[in-house]
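A short write-up of the structure that comes next.
Readers should treat all values here as calculations from the given coordinates under stated rules, not as data from a laboratory. Computed from a prediction, not measured in an experiment: that's the story for all the values here. Virtual Cβ from ideal backbone geometry, glycine too; neighbours counted across all protein chains shown.
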Amino acid sequence: MPHFFPRVYPILDASIVPSADRAGFLQRLGSELTEAGVTLLEYRNKRGSDAELLADGEALRAAMPFGKVRLILDERADLVDRLQFDGVHVDAGDASPTDARRLLGPNRIVGTFGGSEALVEDILLVPADYLSIGPVYTTRTKQTSRPPIGLEGVKRLRAQAGPSPVLVAVGGVTRSTAAKVILAGADGVAVSEGIFGQPDPAAEFRAWLAELEE
């Protein structure tokens, strides 16, 4: 099933969520982001317990209504149904895209890592709706040993992938570089620190939208 992907969407990492009033924080943040125009968000929590993931996901879903905002869960395909999320992002070491698709069916979103210096071998054959590529620039929010690929790397991966696959660029993309990354061949960018590292993430997201609409 084809899915529309926005030019920019946030990756919310659990490391920014305070331990006190966790649900309240996520509900307020989710509501503000929804009002700011977020239509897709990935939630990443690699260290939390199942109970924490479920509680966090329920708070986000309550603030970001189904049908208005699509929510992607990082890694945990097994929790997507319970949370009424829209899909999952899986990387090496997680469930494979094929396993995730088998578990979630044809209508949920499945994303996976597509490549850095070159496309992952046979990646265009997997049942994924989008492929993340990068890091484009140096990043501090996701541990990786891969060197930045820059704009030339984005162009190279688009040439290898052809026009059809959805390529989402990640890693160190800023508001001032996002348009260049998209012009180089990405369909969109996924951003963590560039949005949540700011005092007002919702206002920052609006600024990203304005920048990319110019």
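Post the alpha-carbon centroid distance, region 24-70 to region 132-172, in whole angstrom.
A separation of 25 Å, based on Cα centres.
As a test, work out the antiparallel percent of DSSP beta bridges whose residues both lie in region 8-213, rounded to the nearest 5.
Details: 1 of 27 bridges.
In region 8-213, DSSP labels about 5 percent of beta bridges as antiparallel.
Using the number of other C-beta atoms within 10 angstrom as an exposure proxy, rank ILE182, ILE133 with the fewest first.
ILE182, ILE133
Show which aspartates and glutamates lie in cross-link reach of LYS68 when reach means a straight Cα distance below 12 angstrom and same-chain residues fewer than eight apart are skipped.
Straight-line reach from LYS68, under 12 Å: GLU35, ASP86.
Relative contact order for the chain: what is it in percent, counting Cα pairs under 8 Å that are at least 6 residues apart? Present the calculation step by step, with values, prior to reporting the outcome.
Working: 388 pairs, mean separation 42.6, N = 214.
Relative contact order of the chain: 20 percent.
Straight-line reach only, C-alpha to C-alpha below 15 angstrom: list the aspartates and glutamates that LYS180 could link to, leaving out same-chain residues fewer than 8 apart.
Correct list for LYS180: GLU152, GLU211, GLU213, GLU214.
Quickly estimate the mean residue ellipticity at 222 nm for the chain, helices only: each DSSP H run with n ≥ 4 gives -39500 (n - 2.57), and the total goes over all residues, rounded to 500.
On the way: 8 runs with 76 residues, N = 214.
After summing the helix terms and dividing by residue count, I get -10000 deg cm²/dmol.
Order of TYR43, TYR9, TYR137 from fewest to most other C-beta atoms within 10 Å?
Starting with the residue having the fewest Cβ neighbours, the order is TYR137, TYR9, TYR43.
What ranking, highest mean first, results for peptides 84-96, 118-130 when packing means the other Cβ atoms within 10 Å averaged over each residue? Mind dumping the intermediate values first?
Numbers: 84-96: 18.5, 118-130: 15.4.
By packing density, highest mean first, the sequence is 84-96, 118-130.
Only four residue types carry charge here, +1 at the Cβ of Lys and Arg and -1 at the Cβ of Asp and Glu. Report the dipole size of the chain about the Cα centre in Debye, rounded to the nearest 20.
On the way: 23 positive and 29 negative charges, 49 e Å.
Here the chain has a charge dipole of around 240 debye.
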